[in-house]
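Data block below; observations after.
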Amino acid sequence: MNELNKMSAMHIVNEETSLVRVVIATHKKYRMPDDPMYLPLHVGAEGKIDAQGKSLDLGYIKDNTGVNISELNASFCELTGLYWAWKNLDADYIGMSHYRRHFTSGKNKDPFRVVLREVDIANDLGKIKVFVPKKRHYVIETIYSHYEHTHYINQLNLTRDIMAKKCPEYLEAYNKVINQTYGYMFNMLIMEHGLLDKYCTWMFDILFELKDRIGMPELSAYQGRFYGRVSEIIFNVWIEKMITDGNIKKPEVKELSWSYMERINRIKKIIAFLKAKFFNIKYEGSF
């Protein structure tokens, strides 16, 4: 880590002024919202070099500063950004979005014009504990069957085994969630700092155990990012358990609109889904 990045990381940690800090996970230069609650974060920065052989500098804070797991980005994807935020930021609420996917406050031809601002949720702070993206619905699939068709189900099955060992009290919530046809996806969230600490402690403990057991199997670059996909699902398990136990009340979880900042190829997406469902051809890219 160079001295500039050390100083930048410490500046973010020690001079926090916003009640809310939302990191925007990105691996490339991209248009960013200008609201002060957002912090663009170069994820997977460790070991990245530019055309001149120098450390790649996007002009954003890097996830290989401070306490980090940047070297795991190829398989953990945006979770290296969440880990960095958890370990290095100090704000009342901490969250994460993505360079191509943001929380929004409405609809517009230019979705960047309606990216959520801190003022949009100001009245909810202190009342809402967790902000989540509106549920994704699979319609003809459960969460489990969708994962089974599009990815490799042993990853999810092994996660359940780890949960049975480490926190069996979560199994009822797990079984409920994987049989639903909807869930909070994309690893997008804004959460009270104290709750985020509890969630990340629980979630990363499970994923690090999964990594110890399954390692880095020989998969394509796209399929190799399965730790991030597993976390999307078990986030729902954690929320379900927190509500069941009364640690979070249902009205304290608020769904927010979200937008994909680029055009979605829906025809390609539907064809890929049908191939996965009926011919066991796994996904090999985003749409």
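Rule-based calculations on the coordinates, nothing more; no lab input. The structure displayed is predicted, hence computed values, not measured ones. Here the Cβ is made from the backbone with ideal geometry for all residues, glycine too, and neighbour counts use every protein chain on show.
Below are the figures for this structure:
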read-out: Entries of K134/K249; K29/K135; K87/K211; K87/K250; K165/K250; K87/K165 with Cα pairs more than 24 Å apart; value: K29/K135; K87/K250; K165/K250; K87/K165
read-out: Inter-site label distance for H137 and I49 at 7 Å from Cα along Cβ, in nm; value: 5.1 nm
read-out: Given charges at beta-carbon only (K, R positive; D, E negative), |dipole| of the chain in Debye; value: 1200 debye
read-out: Cα gyration tensor category, rounded, prolate or oblate, for region 3-279 with a/c compared to 1.5; value: rounded
read-out: Computed over region 19-139, Kirkwood Rh from alpha-carbon pairs, angstrom; value: 15.4 Å
read-out: Rg/Rg_globular for region 24-86, with Rg_globular taken as 2.2 N^0.38 Å and Rg from C-alpha atoms; value: 1.07
read-out: Residue-count net charge about H102 - beta-carbon cut-off 14 Å; Lys, Arg +1, Asp, Glu -1; value: 0
read-out: FRET efficiency, Y152 to D205 (Cβ-Cβ, R0 22 Å, nearest 0.05); value: 0.50
read-out: Residue order, fewest to most surrounding Cβ atoms within 10 angstrom, among V23, V115; value: V115, V23
read-out: Signed unit charges on C-beta, dipole axis of region 3-279, positive-most listed residue V139, C167, T65; value: V139
read-out: D197 paired with A74, simple spin-label distance in nm, labels 7 Å along Cα-to-beta-carbon; value: 3.4 nm
read-out: Trypsin sites (Lys or Arg not before Pro) restricted to DSSP loop in region 69-146 with at most 11 other C-beta within 10 Å; value: K107, K109, K127
read-out: For M261, distant residues with modelled amide H under 5 Å away; value: R101, H102
read-out: Percentage relative contact order, the chain, counting C-alpha pairs under 8 Å, at least six apart; value: 22 percent
